Amino acid sequence: NAGVMQNPRHLVRRRGQEARLRCSPMKGHSHVYWYRQLPEEGLKFMVYLQKENIIDESGMPKERFSAEFPKEGPSILRIQQVVRGDSAAYFCASSPTRQGQMNYGYTFGSGTRLTVV
Amino acid sequence: EDQVTQSPEALRLQEGESSSLNCSYTVSGLRGLFWYRQDPGKGPEFLFTLYSAGEEKEKERLKATLTKKESFLHITAPKPEDSATYLCAASGGSYIPTFGRGTSLIVHP
């Protein structure tokens with residue numbers, strides 16, 4: 001039973017390009033969460049999605065960032081017109097239910113490390 | 001706004017030297033307090049959930065405790081393989097955890 005799969009592991013983009021980060025949740029998990037981790041900072045919540053729905057996007061920057069979790073396929077975090085400040089590790093986590101992570105925690109992927117040059 | 005503060009930022013121990021990591025939290029309507037372990041280049045790995053003051057949980061050399069304002073992660077007789085960053089997180093009404101910045105632990109042989 002594969003865990004949460006994120007790809008690519010490393011992504012280099014030039015300023016102004018688009019970055020697409022993919023996340024396939026654990027089998028049986030329909031809740032996906034995206035977090036960003038900057039050097040010397042903790043994990044910061046960005047967005048919470050269920051299949052075809054954004055449940056909570058209170059941590060998403062208002063511009064350039066979007067997320068989706070289609071009926072089929074992985075969840076995508078899209079960053080348009082990247083800037084150097086977007087360089088960070090982006091983690092995806094999944095859980096079977098909204099409350100299910102209380103007893104067993106989130107299952108995190110290994111992250112995508114985005115570098116903007 | 002929910003806040004989670006961890007101390008110290010970094011901790012160096014000799015193998016076998018027990019110590020504690022601190023997590024202070026301000027969360028409205030605490031639903032759960034979590035501890036995760038994160039190794040370099042990897043995602044966090046779940047360790048414990050604590051739900052109410054006075055609760056304790058253990059796993060090998062780790063024991064987590066909870067009060068109304070703080071949680072402690074006690075490490076007894078640590079080994080080099082316990083070296084990692086330990087993250088504390090707390091969730092309130094939305095169930096979505098707020099994470100602290102972590103404590104980087106290095107255990108020297």
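Coordinate-derived values only; no laboratory data. This is a predicted model, so every value here is computed, not measured. Cβ: placed from backbone, ideal geometry, glycine included. Neighbour counts: every protein chain shown.
Things to note:
- Taken as a whole, the range A:83-95 holds at least one residue that is away from every other protein chain (no Cβ under 11 Å), of a type in the set (Val, Ile, Thr) and assigned to a loop (DSSP other than H, G, I, E, B).
- Every condition in (1) within 11 Å of another protein chain (Cβ to nearest Cβ); (2) buried (at least 19 other Cβ atoms within 10 Å of the Cβ) holds for B:Ser71 except the one numbered (1).
- For the range B:46-97, the strands (runs of 3 or more DSSP E) that sit wholly inside it and include 3 or more residues that are touching a Lys or Arg at 6+ places or on another chain (Cβ under 7 Å) and touching a residue at least 24 places away in the same chain (Cβ under 8 Å) are B:84-91.
- Members of the range B:47-65 found to be surrounded by 19 or more Cβ atoms within 10 Å (Cβ to Cβ) and touching a helix residue (DSSP H, G or I) at 6+ places or on another chain (Cβ under 9 Å), listed by number: B:Thr49, B:Leu62
- Test: B:Leu105 is over 21 Å from A:Tyr104 (Cα atoms) and surrounded by 19 or more Cβ atoms within 10 Å (Cβ to Cβ): yes
- In the range B:7-41, residue surrounded by the fewest Cβ atoms within 10 Å (Cβ to Cβ) [restricted to those that are under 22 Å from A:Gly59 (Cα atoms) and within 8 Å of chain A (Cβ to nearest Cβ)]: B:Arg31
- Those residues of the range B:1-15 which are over 14 Å from B:Ser83 (Cβ atoms) and not in a strand (DSSP E or B), in sequence order: B:Glu1, B:Asp2, B:Pro8, B:Glu9
- When the range A:98-111 is limited to residues that are touching a strand residue (DSSP E or B) at 6+ places or on another chain (Cβ under 7 Å) and under 15 Å from B:Ser91 (Cα atoms), the one that is nearest to the other protein chains (Cβ to nearest Cβ) turns out to be A:Gly105.
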